[in-house]
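The values are calculated or read from the model by the stated rules, or taken from the named source; none is laboratory data. All values derive from a computational prediction rather than experimental measurement. Backbone-built Cβ (ideal geometry, glycine too); neighbour counts: all protein chains shown. Remember, those area values only see protein heavy atoms, side chains included, never the ligands or the DNA or RNA. Shrake-Rupley method; radii C 1.70, N 1.55, O 1.52, S 1.80 Å.
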Amino acid sequence: MEIQYIKGVGAALAKKLQKLGLVDTKDVLAFFPTGWEDRRKIPPIAKLEIGKDQFTVGKIVQIRESTRGKYHLTKVLLDDGHNKIMALWFNQAYLMKLFKVGTRLFVSGKIERDPVSGTKIIKVSQHEWLEKDNTGRIIPIYPLTNGVYQKQLRHIVDLCLRQELKLLQEPFPPTILEAYTLLPLAKAIWYFHYPADENTYRQAKRRLVMEDFFYLQLVLAITRERNRSEDKGIAFTFKNTLSAKYFDSLPYKLTGAQSRVIAEVLEDMKCERPMNRLVQGDVGAGKTEIAMAAILMALENNYQAAIMAPTEILATQHYQKMLHYLMPLGIQVELLVGSLKAGTKARKQQLVSSGHADLVVGTHALIQEKVGYDHLGLVIIDEQHRFGVLQRRALTKKSGEVVDLLVLTATPIPRSLTLTLYGDLDKSILDELPPGRIPIKTVWIKKLDAFWMKAVRDEVAKGNQIYWVFPLVEESEKIDLRAATEGSQQIALMFPDVRVGLLHGKMKQREKDAVMAEFRARNLDILVATTVIEVGVDVPDATMMIIEHAERFGLSQLHQLRGRIGRRDKVSTCVLISTTRTDNSMRRLGAMVETTDGFKLAEVDLELRGPGDYFGSKQSGIPTMAVANLLKDERILLEAKKLAERIAADRKNPLYAGVFRRLHEQPHLYVGQEGMN
Ligand code: ADP
Ligand code: MG
């Protein structure tokens, strides 16, 4: 039922409620308080403390008003039977008509001392008529929007909840509720709004956190089980024909961690069971070599391989590197990106589907368009955090056979998030940087002064290169683009002998490629860029990064950006420019100065932004958590995982029909995963 038909709502209010996500009465089932007020005991007037926000109840014994200049003051004297207090409202003259001597009023607000009389007064921020259900218990506080009042919203939510909870079916059978000591869902929702005490609150919350985690874990558990049992994949053999040649031609030796992870990957590929592996390694750890090892193994077995990157710049970089090393070995490498001309794209797709192309490097274009493969055996997804959880499935479905999947990510994420996002993958950790790397020095300055101007000149004089980054967000794209463009002109003027280039997302792909190639070839000293260079880009001689308006970047974004420098054994410097004063951005920039440890930064980031924003919830496919906190509720997450595994293993059991009914009410969780039960 639409909420506007609830008694006392109507069209105008319904429109405002829509801003809170409340359209249908059902929506209250996912609408939760953000705080509570404990009104179990009403403090007597005598106990109210000066300077605090408190509430009390009293009988109205006197009503007066006064005006001074533009101000109107409503003064109501309240009596709780023992003491009296003056309650004050500013500029709400209409209240005079509503108040009646003799009625009992609930007021909450700041307690102060009247400067003249010296008695206690309360500056009221909220008042309610005393009714039997708004005191004597714990009361929910909801997020508000313009023109909706707390007590009004409480009333509406209360009505809707009573209606919806009666209809709500319990998804879990009683045996599960008992085994996991879970409250029934309807009860948990009610208690979460109106907990009787701390204990019922805790139980209600536990059940709702479980609810948040469980269904995604169920999808992951079923997928994991399928990966293990039903599907037969390809059993590659390690021939070492191409691999030996490639790794011998590299100018460096693999790190211990690289060798270990490569061994884990190859072991998976030898197995008939399809590989589903996540490799996590901080920026610059050398994940590309892991991809290369897997690709070469697939190619040696005469299978095609595909690698997908989140940006065209990164895809192009991979393409060039692979072309450089693999063409001499007789491998046909193709680049497939969205910006190709229709004709070229069609021709390349033909090369792929006919089996002439051995290795395909690309962006989303790889999955979005109708690319058929001839004998695809391996799919690699680089910088996975930029893709959705479910997007990665789309690519592995491209081929008839069940292909091996390797996922690379630089975003070091807390374990709870790994479980949530990648719960269906095995995991390898690349926990060692190539030798000789010197930690990047990071400074935070307000303005580029003479000292730093000289530092820029010195760096260029040494033959090193510089990234100069400007923020760009969609909402203010035009202004941002202008800032970057003008910035590059100013920089060119400031450093007349220095070669300056500009790179941003709105340029034609050909222009982007040309600028990137010039920078790589060291024909440019400074590259002014927006965040298009954020992930994966690898130019070894870049040793300095200057970030304008650093406060406008998220922490993991800053970390990724900074990862573009310090990729060799040279001293590198990252300069954050910002005059920010907000707490949040000061903490972000402070953390950047303090550490280069991606794991620590990720935790700070998650804490500051909340998991929803952490990856951009739409992008990451993390369903919004209504109640759960990914950092704090890890224990319940582990329980949810266990329960999900138990139910996944026994999913034909009619006892669990309710569970799957509820899962199917949340289609965003299992899109593209046919036959979830
Ligand atoms: P990321 O993990 O960020 O994708 P890359 O694979 O781009 O890292 O590697 C970062 C840089 O380190 C590249 O310039 C690469 O050539 C270099 N590199 C990779 N492995 C090694 C190694 N074992 N020794 C020295 N340099 C390496
Ligand atoms: Mg990379």
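On the stretch given as the stretch 572-603, residues that are open to solvent by less than 30 Å² (accessible area, probe 1.4 Å), at pLDDT below 90 and out of contact with any Ser or Thr (no Cβ under 9 Å at 6 or more places or on another chain) total 1. Close contacts from the stretch 489-510, counting a first residue that is in the same structural domain as A450 (by TED's automatic domain parsing) and touching a residue at least 60 places away in the same chain (Cβ under 8 Å) and a second that is surrounded by fewer than 16 Cβ atoms within 10 Å (Cβ to Cβ) and in a loop (DSSP other than H, G, I, E, B), with Cβ to Cβ under 8 Å and a gap of 6+ residues or different chains, come to K508/S339; Q509/S339. All of (1) open to solvent by 50 Å² or more (accessible area, probe 1.4 Å); (2) more than 30 Å from E37 (Cα to Cα); (3) more than 16 Å from ligand 2 (Cβ to nearest atom); (4) modelled with pLDDT of 90 or more hold for Y252 with one exception: (3).
The numbered conditions (1) under 27 Å from the mean Cα position of the chain (by Cα); (2) modelled with pLDDT under 95; (3) open to solvent by 30 Å² or more (accessible area, probe 1.4 Å); (4) under 21 Å from L558 (Cβ atoms) are all true for K506 except (4). Here is a check on your reading of the model: is A235 touching a residue at least 12 places away in the same chain (Cβ under 8 Å) and more than 30 Å from I295 (Cβ to Cβ)? Taking the combined requirement at face value, the residue does not satisfy it.
Residues in the stretch 47-73 that are within 49 Å of the chain's Cα centre (by Cα), assigned to a strand (DSSP E or B) and touching a residue at least 24 places away in the same chain (Cβ under 8 Å): D53, Q54, F55, T56, V57, G58.
Is at least one residue of the stretch 225-235 outside the structural domain of C271 (by TED's automatic domain parsing) and closer than 19 Å to V28 by Cα? Scanning the stretch 225-235 turns up no residue that is outside the structural domain of C271 (by TED's automatic domain parsing) and closer than 19 Å to V28 by Cα. Considering the stretch 257-282, and only residues there that are open to solvent by 10 Å² or more (accessible area, probe 1.4 Å) and either closer than 22 Å to Y325 by Cα or among the β-branched types (V, I, T) (or both), the residue that is nearest to ligand 2 (Cβ to nearest atom) turns out to be I262.
Those strands (runs of 3 or more DSSP E) of the stretch 405-502 that lie entirely within it include none in which at least 3 residues are in contact with a Leu (Cβ under 6 Å, 6 or more places away or on another chain) and closer than 26 Å to T595 by Cα. Of everything in the stretch 283-303 that is more than 6 Å from ligand 1 (Cβ to nearest atom) and touching a strand residue (DSSP E or B) at 6+ places or on another chain (Cβ under 6 Å), the residue that is most open to solvent (accessible area, probe 1.4 Å) is Y303.
Given the structure, is A521 free of Cβ contacts under 8 Å to residues at least 24 places away in the same chain and away from ligand 2 (no atom under 16 Å from the Cβ)?
yes
Only one of G147, G102, G109 is touching a residue at least 40 places away in the same chain (Cβ under 8 Å) and buried (at least 16 other Cβ atoms within 10 Å of the Cβ). Can you tell me which? Exactly one of G147, G102, G109 is touching a residue at least 40 places away in the same chain (Cβ under 8 Å) and buried (at least 16 other Cβ atoms within 10 Å of the Cβ), namely G109. Restricted to the stretch 374-404, and to residues there that are assigned to a loop (DSSP other than H, G, I, E, B), open to solvent by 10 Å² or more (accessible area, probe 1.4 Å) and of a type in the set (A, V, I, L, M, F, W, C), the residue that is modelled with the highest pLDDT is V402. Number of residues in the stretch 311-325 that are over 20 Å from V352 (Cβ atoms) and away from ligand 1 (no atom under 12 Å from the Cβ) equals 2.
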